[in-house]
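The values are calculated or read from the model by the stated rules, or taken from the named source; none is laboratory data. Note that this is a predicted model, so its numbers are computed, not measured. Reconstructed Cβ throughout: ideal geometry from the backbone, glycine too, with neighbour counts over all protein chains shown. SASA here: full protein model, heavy atoms, side chains in, ligands and nucleic acids out. Shrake-Rupley method; radii C 1.70, N 1.55, O 1.52, S 1.80 Å.
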Amino acid sequence: MNAPRDLPVTRLDAAVIGAGVAGLYQLHRLREMGLNVRAYETGSGVGGTWYWNRYPGARFDSQAEIYQYWFDEAMYKAWQPSERFPAQPETERWLNWVADRMDLKKDIQFDTRIDSAHFNEATQRWDLTTRQGERIDAQYLVCCMGMLSAPLTDRFPGQSSFQGQILHTALWPQEGVDLKGKRVAVIGTGATGIQVIQTIKGEVGEMTVFVRTPQYIIPMRNPKYSAADWAGWGERFHELKQRVRSTFAGFDYDFDAPPWDTLTPAEREAVLERLWDDGSLSLWLSSFPEMFFDEAVSEVVSEFVRRKMRDRLQHDPALCELLIPTDYGFGTHRVPLENGYLEAYLQDNVHTVNCRQTPIERIVPEGIQTADGTVHPFDVIIMAVGFDAGSGALTRVDIRGRGGRSLKEEWQREIRTAMGMQIHGYPNLFSTASPLAPTAALCNMTTCLQAQVDWVTDCIAYARAQGKTVIEPTREFEDAWVAHHDETANQTLVVKTDSWYMGSNVEGKPRRLLSYIGGVGNYHRQCDEQAAQGYPGFAMR
Ligand code: NA7
């Protein structure tokens, strides 16, 4: 299938899709290289995740000192985060400030959705069409479309019949939503649902939370940052920049507790207590790696967290049964940070529906009907039901590679990439935050996105310096990467737990751990080796 020929054509060296954390930096790097490059963004502003996710309570849970760009020390020092875990409005402001400082917006086309991208074998270039009626002819296509950018909006039958307001958290209206005194439903208790619930609990009239899978949580400690605090982080700029690239998950903490077997139960408990009190993801990503491999260790750590949760739920048997996980291990899927989430359920105006016992059947004009026939009436339904993660951003676009192969069709059978940055059969297509790299989930996003952008840029520069016009991973290298990815994943307990990490939240999605779990440092070492050896896993012509 070819793109329509009668649309106006823009000819580029490189087209970047997306103007979030990765897209902004990619645009900067390719522009710096002297390429004629343009970024295309569906939103009306920069920010990606931080443009779309405006729901109440949205914030990141990487510390501000490492959720940063590392290419400009002065820029790092000039921005002053207000707290350790800033909320969405501040992060959106920050990304706008970065884009303005780098003068990036003049090369970003907003309000533009790329509908198709076809590799033209005659010209060896990409042919893109936009929904707005434009064609783009580019040598390189770099997809910086985010790993959580394809929201699952059509989740329940009857959604359009609802007479109140129905909202997916990732498509929250810019003007906000007045929830004061309203009867509000929240469906979903993932990281997003938790942020929503704890934030709106004091504003709504009545709130009913539809809980299916309960979550382990860690209370967030979120102190304000003064100018002096930030100056202190600024002094550590070079050290942090190096460190985040080599730790397990791209944070400044790492698994540095002594081996589990060498400690007494009391000593283990002391480590867990210390990390719990840190109020960050360190309990998950820098405590005992053994919890990812050993069921017995996993159970001890899980029980530690359950105990904390029971205390906060005042040992209410029904709430504990509903809200404390028992059938999967702590950290085998995303652990949300929270602040007052569990306490919401102790309020008189907060009610629950146990979707394990009475699943949601459909949305009706008045509200939500559950399998027992009950209709729960609402004014507003908030769907915090997640995303087609990792692969969804790419499969929403009609991407066709060599021989007309369709990425959507291929990934319906099996999701595969070479190091998460290229795909065999799709020459000169690069991507960030895609499956089989740590950026698909298990990384502080700014760390891994920047490293991927740097790798992509260096790869393009290398090929050009060699006089090559086309780069594509070999089938053998991609096979080897997939095998390495699976082997690493299958040693862990993560593959046993259902969640978006495994693609199991989307019906029919092939099961595979989306994120590379061999560690960020290890991943970067392998990427660096490919580059240092002249990209032996990639064919250039
Ligand atoms: P998640 O983590 O995928 O959470 C989605 C939630 O929605 C989860 O609790 C689901 O329960 C629930 N859900 C989905 N479908 C249903 C139905 N049909 N009935 C009841 N409950 C349902 O998405 P988030 O947006 O919270 O977080 C995604 C990532 O964004 C997060 O990990 C951070 O990295 C940022 P289930 O677990 O399927 O039983």
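Listed as lacking a disulfide-compatible partner in the chain: Cys143, Cys144, Cys320, Cys355, Cys459, Cys527, by the criterion of no other cysteine Cβ under 4.7 Å. Ligands, DNA and RNA are left out, and with a 1.4 angstrom probe the accessible area of the range 1-81 is 35 Å² per residue.
The spread of Cα positions in the range 342-438, taken along each principal axis and listed from longest to shortest, comes to 57, 30, 24 Å. The Kirkwood radius of the range 1-145, taken over pairs of alpha-carbon atoms, gives through the Stokes-Einstein law at 25 °C and 0.890 mPa s a diffusion coefficient of 151 µm² s⁻¹. Using only the Cα atoms of the range 473-541, build the gyration tensor, take square roots of its eigenvalues as a ≥ b ≥ c, and label the shape rounded, prolate or oblate: rounded if a/c is under 1.5, else prolate if a/b is larger than b/c, else oblate. Verdict is prolate for the range 473-541. Rounded to two decimals, the Cα radius of gyration of the range 329-382 over 2.2 N^0.38 Å is 1.43. Pairs spanning more than 22 Å between alpha-carbon atoms, out of Lys182/Lys224; Lys77/Lys224; Lys180/Lys201; Lys408/Lys509: Lys182/Lys224. Label-to-label distance, Arg221 versus Thr264, with points set 7 angstrom from Cα along the beta-carbon direction: 2.5 nm. Over the range 402-541, the Kirkwood radius and the radius of gyration, each from Cα atoms, give a ratio Rg/Rh of 0.96.
Rounded to the nearest 5, the antiparallel percentage of DSSP beta bridges internal to the chain is 40%. The range 227-242 and the range 261-339 have Cα centres spaced 30 Å apart.
Quick one: angle between helix 445-465 and the longest Cα principal axis of the chain, in degrees between 0 and 90, rounded to 10, please. Between the helix axis and the principal axis of the chain, the angle is about 10 degrees. What does the C-alpha gyration tensor say about the overall shape of the range 389-479? Classify as rounded when a/c is under 1.5, otherwise prolate if a/b is larger than b/c, or oblate. In terms of gyration-tensor shape, oblate.
Share of carbon and sulfur in the accessible area of the chain stands at 48%, probe radius 1.4 Å.
Here the range 65-95 is scanned for amide nitrogen atoms under 19 Å from the site 7 Å beyond the Cα of His238 along Cα-to-Cβ, giving 66, 69-78. With protein chains left intact and a 1.4 Å probe, residues in the range 391-525 average 32 Å² of accessible area per residue. Segment Ala483..Glu121, full-extension length gain: 127.4 nm, with 0.36 nm per residue of separation and the alpha-carbon distance subtracted. All Cα-Cα distances of the range 119-195, cut into 10 Å bins from zero to the largest, leave 12, 31, 24, 19, 12, 2, 0 percent in each bin in turn. With the cut-off at 1.5 for a/c, could you classify the range 163-260 from its C-alpha gyration tensor as rounded, prolate or oblate? Taking the square roots of the gyration eigenvalues as a ≥ b ≥ c, the range 163-260 is prolate.
With Cα atoms as the point set, the radius of gyration and Dmax of the range 445-505 evaluate to 16.2, 47 Å.
With coordinates expressed along the principal axes, the C-alpha atoms belonging to the range 254-376 extend over 58, 28, 24 Å, beginning with the largest.
Our coupling estimate for the range 11-16, obtained by passing each phi through the Karplus curve with A = 6.51, B = -1.76, C = 1.60 and θ = phi - 60°, is 9, 9, 6, 9, 10, 10 Hz, Gly and Pro reported as x.
Let me know the whole percent of all Cα-Cα pairs from the range 202-329 that are separated by more than 21 Å. In whole percent, the long-distance tail amounts to 54. One quarter of the surface of the convex hull around the alpha-carbon atoms of the range 476-515 equals 2.9 nm², the direction-averaged projected area. Comparing Cα centroids, the range 6-69 and the range 381-400 end up 17 angstrom apart.
Longest stretch of the chain clear of exposed loop sites (GluC sites (Glu not before Pro), DSSP loop, at most 11 other Cβ atoms within 10 Å, sites excluded): 176-413.
Computed over the alpha-carbon pairs of the chain, the distance histogram in 10 Å steps reads 4, 18, 28, 27, 17, 6, 1, 0 percent, short to long.
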